[in-house]
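Below is one structure, written out as structure tokens; the observations come after it.
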Amino acid sequence: MILPVYLYGQPILRKEAEDVPDNYPNLKELVANMFETMYYAEGVGLAAPQVGLSLRLIVLDGEAVANDFPECKGFKRAMINPEIVEFSEEEISLEEGCLSLPGIHEKVSRASRIRVEYTDENGKHQSEVAEGFAARIVQHECEHLDGQVFIDDIPAIRRQLNKRKLQNIIKGATNCSYKTKSIGK
Ligand code: CO
């Protein structure tokens, strides 16, 4: 089932998400719905708060950008209660977007290599190193779980340049090809 994507301005995107409990009902169905929503919206990652659930759960699939970023080949994951436990000192600045901020693309500096620990959809604990754009997707999605979005740390001038677009997103005046939920409508 395709779920509506909550847009910038929705308070849930600013909340620190709760841990997914062991006995969370229909977790597999939720994961499947999040993947379906992400593919429909042509995203490479989606966090549960973006579909209105304050849960520490993310899905990602970098296959769509694997031509440009080979490290994303086969990088399809569902991560339950993910935690990034190591960040490389080296950072790379690249342009990003977000399904909750349609039409906005800004450069963000992020660690080029991370280690993330999480529970997978089969309940197995995983500890994994991700690099390059794969590491970027994980960092972007984990940020959502802490109530942040990728434009929070962009320079003030860049934020000013995006002001009108942001106001339109808050109002719901966007031209999205996917279902959205704004506070405006
Ligand atoms: Co995002």
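The values are calculated or read from the model by the stated rules, or taken from the named source; none is laboratory data. As the structure is a prediction and not an experimental result, all values here were calculated from the model. A quick note on method: Cβ atoms are made from the backbone with ideal geometry, for glycine too, and the neighbour counts reach across all protein chains shown.
Points worth noting:
- Criterion (in contact with a Leu (Cβ under 7 Å, 6 or more places away or on another chain) and buried (at least 24 other Cβ atoms within 10 Å of the Cβ)) met by exactly one of ALA41, ALA48: ALA48
- A residue that is away from the ligand (no atom under 16 Å from the Cβ), outside any loop (DSSP other than H, G, I, E, B) and under 16 Å from the mean Cα position of the chain (by Cα) occurs somewhere in the stretch 119-131.
- Checking GLY43 against (1) in contact (Cβ under 8 Å) with a residue 24 or more places away in the chain; (2) under 16 Å from the mean Cα position of the chain (by Cα); (3) part of a helix (DSSP H, G or I), the condition it does not meet: (3)
- Close pairs from the stretch 1-22: first free of Cβ contacts under 8 Å to residues at least 60 places away in the same chain, partner charged (D, E, K, R) and part of a loop (DSSP other than H, G, I, E, B), Cβ under 9 Å, at least 6 apart: GLU18/ARG56
- Checking every residue in the stretch 60-83 against the condition of being in contact with a Gly (Cβ under 7 Å, 6 or more places away or on another chain), within 14 Å of the ligand (Cβ to nearest atom) and over 18 Å from GLY147 (Cβ atoms) gives at least one match.
- Condition check for GLY147: in a loop (DSSP other than H, G, I, E, B) and within 17 Å of the chain's Cα centre (by Cα): yes
- Residue check, GLY132 in contact with a His (Cβ under 9 Å, 6 or more places away or on another chain), at pLDDT 95 or above and closer than 30 Å to CYS176 by Cα: no
- Scanning the stretch 55-78 for residues that are hydrophobic (A, V, I, L, M, F, W, C), closer than 19 Å to SER112 by Cβ and not in a loop (DSSP other than H, G, I, E, B) yields LEU60, VAL65, CYS72.
- Test set (1) in contact (Cβ under 8 Å) with a residue 12 or more places away in the chain; (2) closer than 23 Å to TYR178 by Cα - HIS105 fails condition number: (1)
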